[in-house]
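Reviewing the structure listed below.
The values are calculated or read from the model by the stated rules, or taken from the named source; none is laboratory data. Computed from a predicted model, the values in this text were never measured in an experiment. Here the Cβ is made from the backbone with ideal geometry for all residues, glycine too, and neighbour counts use every protein chain on show. Just so you know, the surface numbers come from the protein's heavy atoms only, side chains and all, with ligands and any DNA or RNA stripped out. Shrake-Rupley method; radii C 1.70, N 1.55, O 1.52, S 1.80 Å.
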Amino acid sequence: MATVRLEHVTKVFEGGVTAVHDANLEIGDREFMVLVGPSGCGKSTLLRMISGLEEVTRGTVYIDGRAVNDVPPKDRDIAMVFQNYALYPHMTVYNNMAFGLKLRKYPKVEIKRRVMEAADILGLENYLERKPKALSGGQRQRVAVGRAIVRKPKAFLFDEPLSNLDAKMRVQMRAEITKLHQQLQSTMIYVTHDQIEAMTMGDRIVVMKDGLIQQVDRPLDLYNRPANRFVAGFIGSPPMNFFAGTVRRGAAGLMFDAGAFQVAVAADAADRLAGHEGQPVVLGVRPEDVDERDSASNAAPDRVLSARVEIIEQMGAEIYLHARAGEHNLTARVAASCRRQVGEQVDMVLDMDRAHYFCGEDGKSLLRGD
């Protein structure tokens, strides 16, 4: 097993394009770390620098305390699982998994032992004599993982391994890779653009944007305490609602004024926002913290806004209401029993105790103490 550490790692491609800028990151022994962000954010480039497939422009990559900038990929004792599986089409499953060990001149007995052990872990015992074209996408992905397992590397690197699978198979493979991590107790670094994969799989998550690390945290801390507006909007499905406005003092305390509506700032947030009165502020409220106001509701009037329903998404167990309040769009995640209609004017209740506030200029969270 291994620790991986990045110190001020930067990657600049020809033409002066900076793909990764001054990345500092420490990945613990046996940790499952997920790199997540939109396409082009630099996550795969960062992974490839760890593996040695990309040269580091500036900074240092350490694996188990050893600087590896000048160490070729084959000598870093890591195994990489690619998005396109990279299987040899003319070889059987057994030979695909054994190939790397054969190149390293392992004894045949040891090769067979390792391949059979990996096949047992991945449920591939009945497919060892098949070739890749006779396998499903999920089975091919398991073969690619098995080829990595047999090497018993210090760390596993996964580069969007589930992108080519259908939705049902992705859910299944997410669970299998998570279970595999628990069995092997290995250091794993996993790249994905899917925030649901990141939230369900990672011990910690690195959120990236435009080559910069935005936040490194545990999944629930990312969800509950985002460092900035980008992280808040990227983590969570459907995405967080944002309302631009200002904070002002009213008769009953601090109010957030969005123009089309005004809502009360919760007491816990009031102290941190007191110094931002009159300045541009963005209120963030997750769809699960927005509900329709029915006749039985006793919600305080200063937490209610009126909105017109524009789209209704039936999700089965719940409903997404997409509405508009003045110039602001709003998504609410409500119970499946909701019977609202498109075009209807609805009072929506915001759970202001769970609201987030961001600087209107740089997007940083105004509620975090760090």
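Placing +1 on the Cβ of every Lys and Arg and -1 on the Cβ of every Asp and Glu, with nothing else charged, gives segment 291-370 a dipole about its Cα centre of roughly 120 debye. Its convex hull of Cα atoms gives segment 171-272 a direction-averaged projected area, equal to a quarter of the hull surface, of 8.9 nm². The lysines within cross-link reach of K168, meaning a Cα-to-Cα straight distance under 18 Å and a gap of 8 or more places when in the same chain, are K179. Along the charge dipole of segment 248-316, Cβ charges K/R +1 and D/E -1, which of A251, V281, F261 sits furthest on the positive end? Positive-most Cα among the choices belongs to A251. Put a plus charge on the Cβ of each Lys and Arg, a minus charge on the Cβ of each Asp and Glu, and nothing anywhere else: the dipole of the chain about its Cα centre is then about 1900 debye. The heavy atoms of K209 present about 70 square angstrom of accessible area, all protein chains included, probe 1.4 Å. Under 21 Å of direct C-alpha separation, and excluding same-chain neighbours fewer than eight residues apart, K131 reaches these lysines: K102, K108, K112. By a 1.4 Å probe calculation restricted to protein chains, I213 has an accessible surface near 50 Å², given to the nearest 10.
Placing +1 on each Lys and Arg Cβ and -1 on each Asp and Glu Cβ, with no other charges, gives segment 214-367 a dipole about its Cα centre of roughly 100 debye.
Placing R0 at 51 angstrom, the Cβ-Cβ distance between A300 and L53 gives a FRET efficiency of 0.35 after rounding to 0.05.
Applying the Karplus relation 6.51 cos²θ - 1.76 cosθ + 1.60 with θ = phi - 60° to segment 116-133 yields 3J(HN,Hα) values of 5, 5, 5, 5, 5, 4, 9, x, 10, 4, 8, 10, 5, 9, 7, 9, x, 5 Hz, where x marks Gly and Pro. Dividing the summed -39500 (n - 2.57) terms of all DSSP H runs of n ≥ 4 by the residue count of the chain sets its mean residue ellipticity at 222 nm at -7500 deg cm²/dmol. Taking each residue as 0.36 nm, the span from V342 to K74 lengthens on full extension beyond its C-alpha to C-alpha distance by 90.6 nm. The listed peptides 84-91, 133-140, 261-268, ordered by packing as a protection proxy, come out as 261-268, 133-140, 84-91 (highest mean of other Cβ atoms within 10 Å first). Of the options (i) 81, 46, 36; (ii) 64, 63, 40; (iii) 66, 49, 38, only one is Cα extents along the principal axes in Å as computed from these coordinates, and that is (i). In terms of accessible area, using a 1.4 Å probe and ignoring ligands and nucleic acids, K11, K102, K168, K112 rank largest first as K168, K112, K102, K11.
Model label sites at R272 and N329, defined 7 Å from Cα along the beta-carbon direction, differ in position by 2.7 nm.
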